[in-house]
1. Quickly run through segment 90-126 and pick out the residues that are surrounded by 15 or more Cβ atoms within 10 Å (Cβ to Cβ), of a type in the set (A, V, I, L, M) and under 9 Å from the mean Cα position of the chain (by Cα).
2. From (1) crowded, with 21+ Cβ neighbours inside 10 Å; (2) out of contact with any strand residue (DSSP E or B) (no Cβ under 6 Å at 6 or more places or on another chain), pick out the condition that doesn't hold for L131.
3. Would you point out which residue out of D75, D59 is surrounded by 16 or more Cβ atoms within 10 Å (Cβ to Cβ) and either in a loop (DSSP other than H, G, I, E, B) or basic (K, R) (or both)?
4. Given the residues T177, T137, T107, which is the only one that is polar (S, T, N, Q) and within 26 Å of L61 (Cα to Cα)?
5. Does segment 35-48 contain at least one residue that is within 21 Å of L125 (Cα to Cα), in contact with a helix residue (DSSP H, G or I) (Cβ under 6 Å, 6 or more places away or on another chain), at pLDDT 95 or above and in a loop (DSSP other than H, G, I, E, B)?
Amino acid sequence: MARKTLVGILTLTLCVVFLMIPVTAEVVSDVVNIPDPNLRAAVHKTLNQPSTASITVEDMLYLTELEATEGDIFDLAGLHAPNLVKLNLSGNRISDVTPLANLTDLTLLGLNHNAIVDVSPLTTLTQLGYLGLGNNTIFDISPLTALTELVVLELRDNPLDAAAVDVHIPAIAANGTEVHHGPTDLTLVSCP
């Protein structure tokens with residue numbers, strides 16, 4: 001009788017152990033990897049988490065606004081926040097904005113004073129009302145003509161090519177967008 005009880009307890013213990021293994025593996029897979037330590041710190045701060053806490057997919061659902069200016073951020077990988085509507089990353093060292101392409105609920109995006117050249121990943125952000133791209137190294141703004149909901153587009157102090165100034169800025173302004181470009185506060189607004 002004692003032997004049957006012992007076998008039963010061992011069997012039950014093994015079942016419990018084996019049932020716990022997949023649960024543990026699932027929890028680990030929900031951790032979001034944000035390689036840039038300064039971006040990770042900004043996310044922790046916004047979520048009111050200690051810097052040693054794991055950031056999970058569920059945590060990122062609560063991220064609706066993120067202000068991480070002048071934080072020496074260079075890598076945006078891992079910024080998977082589907083409910084993010086306001087993001088200000090001005091004054092960093094960002095050159096690749098590809099990770100932002102899936103943040104399609106953004107209405108405000110500040111990327112002034114970075115090292116951005118290619119703005120084509122931003123064409124999916126069709127809900128943007130404000131886009132700050134001043135003081136970068138942008139030549140070609142043709143992809144931005146797809147952003148028809150823009151109210152304000154900041155392009156000051158970029159080495160814009162002739163097509164940007166002669167063709168694309170007037171086309172963007174024709175949608176009713178206030179476009180700021182050049183070293184002065186020149187604004188083009190379309191007339192009805």
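1. V97, L100, L103, L106, L109 - these are the residues of segment 90-126 that are surrounded by 15 or more Cβ atoms within 10 Å (Cβ to Cβ), of a type in the set (A, V, I, L, M) and under 9 Å from the mean Cα position of the chain (by Cα).
2. Unmet for L131, out of (1) crowded, with 21+ Cβ neighbours inside 10 Å; (2) out of contact with any strand residue (DSSP E or B) (no Cβ under 6 Å at 6 or more places or on another chain): (2).
3. On the way: D59 fails: either in a loop (DSSP other than H, G, I, E, B) or basic (K, R) (or both).
Only one candidate passes the filter, namely D75.
4. T107
5. no
Residue by residue, here is whether (1) at pLDDT below 95; (2) over 20 Å from the mean Cα position of the chain (by Cα); (3) not charged (D, E, K, R) holds:
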{"site": "L128", "(1), (2), (3)": "no, no, yes"}
{"site": "L131", "(1), (2), (3)": "no, no, yes"}
{"site": "I141", "(1), (2), (3)": "no, no, yes"}
{"site": "V152", "(1), (2), (3)": "no, no, yes"}
{"site": "N158", "(1), (2), (3)": "no, yes, yes"}
{"site": "H168", "(1), (2), (3)": "no, yes, yes"}
{"site": "A173", "(1), (2), (3)": "no, yes, yes"}
{"site": "V179", "(1), (2), (3)": "no, yes, yes"}
{"site": "P192", "(1), (2), (3)": "yes, yes, yes"}
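The values are calculated or read from the model by the stated rules, or taken from the named source; none is laboratory data. For clarity, every value in this text was computed on a predicted model and none was experimentally measured. Glycine gets a Cβ as well: all are built from the backbone with ideal geometry, and neighbour counts include every protein chain shown.
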